[in-house]
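All remarks here apply to the structure that follows.
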Amino acid sequence: MNTFTNKMLEFNKIREILSEYALNERTKRKIQELLPSGELPVIKAWLRETTESAAVLRKSTSVPIANLNGIEHVMSLPDKGLLLSPEQLQLICGLAENVERMQRYMKDKEFIAPAVSAYAYSLFPLKDLITEIQRCIRNGRVDDGASKPLEKVRKKMIACEEKIKSKLEHILKSPAYRDMLQEPMISMREGRYAIPVKSKFKRSMDGQIVDSSASGSTVFIEPKEVRKLQAELQLLQSEEDIETARVLGTLTGLVAGYKKEISVNIEGMLHYDFIFAKAKYSLAINGREVSLNLEKRTILHEGRHPMLGSQAVPLNIRLGKDFGALIITGPNTGGKTVAIKTAGLLTLMVQSGLHIPAGEGSEFGIYSEVLTDIGDHQNIEQSLSTFSAHMTNIISILQKAGPDTLVILDELGAGTDPAEGMGLAIAILEDLFEKGASILATTHYSEIKDFASLTPGFENASMAFDLKSLQPLYELRIGEAGESQAFSIAWKLGLDQKLITRARQITSKDVSRQAEETILHEDAQKQMVERRREAEEKRSRKISRKEEKIKEKPDNRTFEIGDRVYVSSLKTAGIICSEEDTRGEYVVLVQEEKVKVHKHRLTLHISRNELYPENYDMDIVFESKENRKKDRILSKRHVDGLVINRDEEQ
């Protein structure tokens, strides 16, 4: 889908609104890059996620999605040889805790959201990591109980500090120093305890000046009596720093050891953030999932432009069943442009896996591309007129158009001589139709309305207009051509009746002349219909091939290791963990137990490619953590007595 179409149909604005429902910056960036797909299975999977997530939100709105802003930077630090800070370790711990909360949250949602709840099974709880970080890190610092040496050195530091404060308190209370003190208080300067002394007495007190005030009226002196204790305290602080770094190093190594599992958890949480953002947007616009087809058939019931909300007049439109091109006519400000933009935008939203504000029974065909020419493209910098800009864009559309494209054209042929513009418009419509493109177009030309009424595959539609009030009704009526109502509107606005009468006389003569000039020859019509029939047959063959590819064949069903399947005999889900044997049976991991099940009792629930990243190590799923640790040790060296026990299904 090209960026020009996204802009013209305001899909960019939909993405901006959707991103506001996401929690994480990376999710917001993913939404900004969201593009429609042209693959039916992909779109169905996306829509299923949105539908299930919306069902979950209707049951409980408090989804425990983790705030992951900054976590990617944190995970890169161990690879650079840097220690993680207590705050960064607590961020990692918070992610692990969120994973546990998400798994508990999704545990009872499997009935209403089987696919979405299944993602929680691919997340790793990492209880050991949580326990160790919580034991060692509290209130943003390494806790005293993180290690025995740390606890010991901190007790010594407290005792030393008490001795220093006691000596300083004695000095502050001494009458000999009372007049020298700026204030009777103990200060901490440059990591050393000091007392504030008036500048003029700085040589009267035996001690070392460690700092001074900005005005220079006060100096901060470390008395000689506490110098030895200060040195002892600094030595203890060094010991504390060394032991703290050792604890942080151990925790950083622990995090690095779980890098793969943490990465899977991050991706899983970001995906949950993404699909629940779509679900929240669906609830906000009162959206619903629609049916899909490969026949380029669109049936929209009660569709509304999502940015107009309840103010929008419901749109009913159909395309692709009895006709492949719909020509919409009617007065200016009657809603023609809004109608085609709504149909185009809803198509992009559906193919992006989003719900749309539409009525029950709505159905959409799948297009590889949506091509548009809407609005005034006048470009002053390139000296292009409105007509030239339109033609440049339409030439590009003609080059790209084919059986899998939806072409949306607004005021086709406008901006030039009416007779020439009308001729160009009909020629362009003929060419697009012969190429098999589905077409939505608006026009003011009465000749194009006649062309549509006479040409198989084309259909007229009009925007309803109240002749009494001379107000548009914004209602699309398929099967009837509309009028511009220019004379009626001009009369209502106050134009002299004599001018309107004269205009009608001139128009009547001109219409008669143009009608004679634009009668289509029957032979040409037959040729175009025949070309269209051949294009339709070609497209039907292509659709049949696509359907054959995606159609499930139960007798030949095969599964891959890692696929999530539904076991009908056990009425639960499991993970494939072996290849098919000669009897057509697979080993399936069900609730931490491996059982053999015949393939006829298995139904694919979620493929491995959807559950896990590319080149994912499946041992993480099937092997215990203890065995994986032993594997890593034995891959480096031989260890006497170290044995790996694996229970394999026979």
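Every number here is computed from the coordinates shown, using simple stated rules; none is lab data. Since the model is a prediction, treat every value here as computed from it, not as a measurement. Because the Cβ atoms are built from the backbone with ideal geometry, glycine has one as well, and the counts that use them run over all protein chains shown.
For Leu315, the amide hydrogen comes within under 5 Å of the amide hydrogens of Glu302, Gly303, Arg304, counting only partners 5 or more places away or on other chains and with H modelled in the peptide plane.
Ordering 307-314, 234-241, 46-53 by mean Cβ neighbour count within 10 Å, with the highest value first, yields 46-53, 234-241, 307-314.
In this structure, Glu580 and Leu604 have a Cβ-Cβ separation that, at R0 = 22 Å, corresponds to a calculated FRET efficiency of about 0.95. Rounded, prolate or oblate, given the Cα gyration tensor of region 155-272, with a/c below 1.5 counting as rounded? Cα axes put region 155-272 in the prolate bin.
Net charge near Ile92: determine it from the other residues with C-beta under 12 Å of the C-beta of Ile92, scoring Lys and Arg +1 and Asp and Glu -1. Display every interim value, and only then the final one.
Working: positive: Lys259; negative: Glu72, Glu87, Glu97, Glu132, Glu261.
Once positives and negatives cancel, what remains is -4.
Taking other C-beta atoms within 10 Å as the exposure proxy, Lys28, Lys7, Lys59 rank Lys59, Lys7, Lys28 from fewest upward.
Which distance in Å, rounded to a whole number, links the C-alpha centroids of region 141-180 and region 2-43? Region 141-180 and region 2-43 have Cα centres spaced 59 Å from each other.
Averaging the sequence gap over all C-alpha pairs within less than 8 Å and six or more residues apart, then dividing by the number of residues, gives region 1-160 a relative contact order of 18 percent. Taking 0.36 nm per residue of separation and subtracting the Cα-Cα distance, full extension of the segment from Ser199 to Asp179 would add 6.0 nm. Under the shape rule built on the C-alpha gyration tensor, where the axes satisfy a ≥ b ≥ c, region 1-107 is oblate, since a/c reaches at least 1.5 while a/b does not exceed b/c.
Measuring against 27 Å, Cα to Cα, the residue pairs Lys155/Lys224; Lys278/Lys336; Lys127/Lys260; Lys44/Lys321; Lys259/Lys280 contain Lys278/Lys336; Lys259/Lys280 as the ones spanning a longer distance. Sparse packing (at most 15 other Cβ atoms within 10 Å of the Cβ) combined with a DSSP loop state is found for the following trypsin sites (Lys or Arg not before Pro) in region 121-199: Arg178. Around the amide H of His605, modelled in the peptide plane, lie the amide H atoms of Arg564, Val565, Tyr566, all under 5 Å away and 5 or more residues distant in sequence or on another chain.
Counting other beta carbons within 10 Å of each residue's own, what order do Met422, Met106 fall into, fewest first?
Numbers: Met422 24, Met106 21.
Lowest to highest Cβ neighbour count: Met106, Met422.
Per-residue 3J(HN,Hα) values for region 101-113, derived from phi via the Karplus relation 6.51 cos²θ - 1.76 cosθ + 1.60 with θ = phi - 60°, read 5, 5, 5, 5, 5, 7, 4, 9, 9, 5, 5, 8, 9 Hz in sequence order (x marks Gly and Pro).
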